[in-house]
Amino acid sequence: MGLLTKLQKSYQTEVSFLDESYNKLNNLTPVSIMEQIEPTKALYTSILERAPLIEHVNIDGARFIQEAKVSIHIPLLHFFQFLYFFPFL
């Protein structure tokens, strides 16, 4: 699986998870503080447990950007070297 495909899938998974969590938080009814503490703590805990996966998406994104820079930089370097050594062609 290519790096961009992996990044896209993991990004989409984490965005879906965060959207679901946000919707759950917004759907909590303010009946009483004591009734909402446990569901809110459980939601917060599930988000904290997911933090390493979200960070992994960031790492994959950074890796993709780095590989893209390298794949662009090397051909450009060769091109400019060619122009330097053969300026009159």
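Please verify whether region 65-84 includes one or more residues that are touching a residue at least 12 places away in the same chain (Cβ under 8 Å), part of a helix (DSSP H, G or I), surrounded by 10 or more Cβ atoms within 10 Å (Cβ to Cβ) and under 24 Å from the mean Cα position of the chain (by Cα). Checked against the condition, which is being touching a residue at least 12 places away in the same chain (Cβ under 8 Å), part of a helix (DSSP H, G or I), surrounded by 10 or more Cβ atoms within 10 Å (Cβ to Cβ) and under 24 Å from the mean Cα position of the chain (by Cα), region 65-84 yields at least one hit.
For region 1-19, a residue qualifies if it is surrounded by 14 or more Cβ atoms within 10 Å (Cβ to Cβ) and of a type in the set (Lys, Arg), and exactly one does: Lys6. Would you mind stating whether Gln36 is under 22 Å from the mean Cα position of the chain (by Cα), of a type in the set (S, T, N, Q) and assigned to a helix (DSSP H, G or I)? So Gln36 does not fit the description; no.
All of the numbers you see were taken from the coordinates with simple rules; none came from a lab. All figures in this text were calculated on a predicted structure; none of them were measured in a lab. Virtual Cβ from ideal backbone geometry, glycine too; neighbours counted across all protein chains shown.
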